[in-house]
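This report refers to the structure that appears directly beneath it.
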Amino acid sequence: MKDIKPRLIELFKEGNCTPQISVIAKKLKEPATTIHYNIKRLEEEGAIISYKAVFDYKKIDEGLCTYVFVNVGPEDYGNPEKIVKEIANDSRVESIDVVTGEYELLLKLRTKDIDGYYAMMKELIKKYHFSKTISVTSLKTIKTEFVKTE
C-alpha cells in the first residue's frame with residue numbers, strides 16, 4: 001500500500017479534519033442532528049475556525065519544540081504584522097503571536113532536532129533581520145490544544 005503519511009500530516013496540520021458527529025452525540029447523549037446543527041451554527045458564526053489533529057510530534061519527526069521571543073528589526077518595529085503573515089506560512093511554525101513587553105513576537109517552532117532548529121533560526125534571522133531572539137526549549141508537553149498528552 002502507498003505511504004502517504006507525510007501528505008496526510010500536512011493536510012491535518014492545515015485543518016482538514018472533521019468532527020465525528022456520532023461519537024459526540026453518544027458522549028453528550030444528544031441526537032446526531034442536534035449536534036450537526038449546532039456545529040454548523042458555530043462554524044457559520046466564525047466561532048469554529050478549523051479542525052486539526054493533535055500529534056505526538058516525536059512520531060512525525062517534529063519532536064523539538066522551541067518558543068522564541070523575537071525583537072524585530074527597526075524597519076518592522078512599528079508594523080510586525082508585515083512579516084508575521086509571511087513567517088506564518090512556514091510549516092515549522094506552529095504558532096506566532098504579536099506580544100507585549102520586551103519582545104514583539106513569540107514563535108512556537110517544531111523541528112526534528114536541534115540541528116533543524118539551528119538551521120531554521122539562521123534562516124529566519126537572515127531573512128527578517130531580527131535584532132534579538134531568546135529561545136526556550138520545551139522538555140516535555142503535558143497538555144496541548146486543550147488535550148492532555150499523558
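Dividing the radius of gyration of the alpha carbons in the chain by their Kirkwood radius gives 1.04 for Rg/Rh. Sorted ascending by nearby beta carbons within 10 Å, beginning with the fewest, Val98, Val70 become Val98, Val70.
Where does the charge balance sit around Lys52 when Lys and Arg score +1, Asp and Glu -1, over other residues with C-beta under 12 Å from its C-beta? Once all neighbours under 12 Å are counted, the net charge is -3. Its DSSP H runs of at least 4 residues, each contributing -39,500 (n - 2.57), put the calculated 222 nm mean residue ellipticity of the chain at -10500 deg cm²/dmol, to the nearest 500. Largest first, the extents of the alpha carbon coordinates of segment 5-44 on the three principal axes equal 36, 23, 11 Å.
Under the Kirkwood approximation for Rh and a Cα-based Rg, what ratio Rg/Rh is obtained for segment 37-98? Could the numbers behind the result be given before it?
Working: Rg = 16.3 Å, Rh = 14.9 Å.
Over the Cα atoms of segment 37-98, Rg/Rh equals 1.10.
Summing Lys and Arg as +1 and Asp and Glu as -1 over all other residues whose Cβ lies under 10 Å from the Cβ of Asp113 gives a net charge of -2. Within segment 4-60, the trypsin sites (Lys or Arg not before Pro) that combine a DSSP coil assignment with at most 11 other C-beta atoms in a 10 angstrom radius are Lys29. Cβ crowding within 10 Å, taken as a proxy for footprinting-reagent exposure, orders Asp61, Asp115 from fewest neighbours to most as Asp115, Asp61. Around Lys82, under 12 Å between beta carbons, what's the net of Lys plus Arg minus Asp minus Glu among the other residues? Computed value for this residue: -4.
Give the calculated FRET efficiency between Asn16 and Ser131 to the nearest 0.05, with a Förster radius of 35 Å applied to their Cβ-Cβ distance. Working shown, then result.
Working: r = 37 Å, r/R0 = 1.05.
The pair Asn16/Ser131 has a calculated efficiency of 0.40.
Which shape class, rounded, prolate or oblate, goes with segment 57-144 when its Cα gyration tensor gives a ≥ b ≥ c as root eigenvalues, a/c under 1.5 marks rounded, and past that a/b bigger than b/c marks prolate? It comes out prolate by the Cα gyration axes. Taking other Cβ atoms within 10 Å as a rough exposure proxy, Ile142, Ile83, Ile9 sort from fewest to most as Ile142, Ile9, Ile83.
Laboratory data are not the source of any read-out in this text; all were calculated from the coordinates shown. Nothing here was measured: the structure is a model prediction, and the numbers come from that model. Heads up, the Cβs are rebuilt from the backbone with ideal geometry, glycines too, and the neighbour counts pull from every protein chain shown.
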